[in-house]
Amino acid sequence: MFEIAEPEERELLEAELESARKRVDELYRETLFTMKNADAPAIVMVKPGAGGTEAQDWAEILFRMYTRWAERNGFKVEILDVQPGTQAGIAAAEFIIRGERAYGMMAPEHGVHRLVRVSPFDSNNRRHTSFASVDVVAEVPEEQIDIQIPDSDIRVDVYRSQGAGGQGVNTTDSAVRVTHLPTGLIVAIQVTRSQIKNREMAMQILKQRLYDIEVKKREEEEAKARGEQKKIEWGSQIRSYVLDKQYVKDHRTGVMRHDSANILDGDLEEFMWAGLEWMAGKRTAEESDDE
């Protein structure tokens, strides 16, 4: 139609064509949400790897990056627990991102994130490599979770809330840490001033994490039974942030950008959509040597 149209008609057709392109892109992106519970809220935990202050600072940078991404895209962030680091950064942070396709968008971020930079904590200005893990699970309705946790399988510790939390947050031992002894999973909650409510919430999050483990185990067994060579487990190191050279590279998808400051401020859409393509089996990246 565009080829045979009169000149005055082409402007209208160009607008229609652009609209159709956008709609096709939207429909294509809908096909990428192949995971279960894509519409659910995302429960996210960020933890530093070995490396002390350097790694704890990196974990805090990642924590801020995801909260900034959520804010930029109209998602709500509910902070469950933030444990401050020994000198700087954080020892752990757990939070829930709520909004349309929150889990679907955050799912590709699950894995180990690697930082390379000239350390601000090194008086000799040496380059350091640090790691932090990002764990993402879906918050599914409680009625879907058929998991019973015997009291003998958990240890409950109470302690004084730390960090930002409003007036009076540090006055009582209301924070709760629940350890699941068979798996070693730990959930810490200091959202409210009520120890009872924090414990209830911690048990709910623990059930969500145990449910996620069972779902992944079942998917892996089903894939093996069908003879499928399917990527059930995500790679241990998914992305590198090399700040002294100002680039960020995703090792699964090959996406590489040279505006690290924008990325750390929450500009993650390109990485997320590429990660969803990778998860759906529609994108691969050739192996390459990195620093």
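The values are calculated or read from the model by the stated rules, or taken from the named source; none is laboratory data. If you're wondering where the values come from, they're calculated on a predicted model, not measured in any experiment. Positions of Cβ are backbone-derived with ideal geometry, glycine not excepted, and every protein chain shown enters the neighbour counts. Note: accessible area is taken over every heavy atom of the protein model, side chains too, but ligands, DNA and RNA are not part of it. Shrake-Rupley method; radii C 1.70, N 1.55, O 1.52, S 1.80 Å.
Can you tell me, using C-alpha contacts under 8 Å and at least 6 residues apart, the relative contact order of the chain as a whole percent?
Rounded, it is 18 percent for the chain.
With each label point set 7 Å from Cα along the Cα-Cβ vector, what nm distance links Y159 and D265?
3.5
Taking R0 as 51 Å, what FRET efficiency do you get between R29 and S123 from their Cβ-Cβ distance, rounded to the nearest 0.05?
The pair R29/S123 has a calculated efficiency of 0.60.
Just the Kirkwood number for the chain, please: inverse of mean 1/r across all distinct Cα pairs, in Å, one decimal.
21.2
Expected output is a single nm value to one decimal: the length gained when fully extending between Q204 and E78, i.e. 0.36 nm times separation in residues minus the C-alpha distance. What is it?
43.9 nm
For the chain, set up a GNM with springs between Cα atoms under 10 Å and report which of Y159, Y103, Y241 has the largest fluctuation.
Y159
Per DSSP H run of n ≥ 4, the term is -39500 (n - 2.57); total these for the chain, divide by its residue number, and report the mean residue ellipticity at 222 nm rounded to 500 deg cm²/dmol.
The per-residue figure over the chain is -11000 deg cm²/dmol.
Please say if the range 25-184 is rounded, prolate or oblate, where rounded means a/c under 1.5 for a ≥ b ≥ c the square roots of the C-alpha gyration tensor eigenvalues, and otherwise the choice is prolate for a/b larger than b/c and oblate otherwise?
Oblate shape, in that a/c is at least 1.5 and b/c is the bigger or equal ratio.
Extension gain E221-D173, at 0.36 nm per residue separation less the Cα-Cα distance, in nm?
Answer, rounded to one decimal: 13.0 nm.
Where only protein heavy atoms count, and the probe is 1.4 Å, what is the accessible area per residue for the chain in Å²?
Working: 15860 Å² over 291 residues.
For the chain, the solvent-accessible area averages 55 Å² per residue.
Filter K47/K217; K47/K197; K36/K217; K22/K249 down to the pairs with a C-alpha to C-alpha distance above 20 Å, please.
K47/K217; K47/K197; K22/K249
Using a 1.4 Å probe over the heavy atoms of the protein chains, calculate the carbon and sulfur portion of the accessible area of the chain as a whole percent.
Summing carbon and sulfur atoms, their accessible area is 48 percent of the total for the chain.
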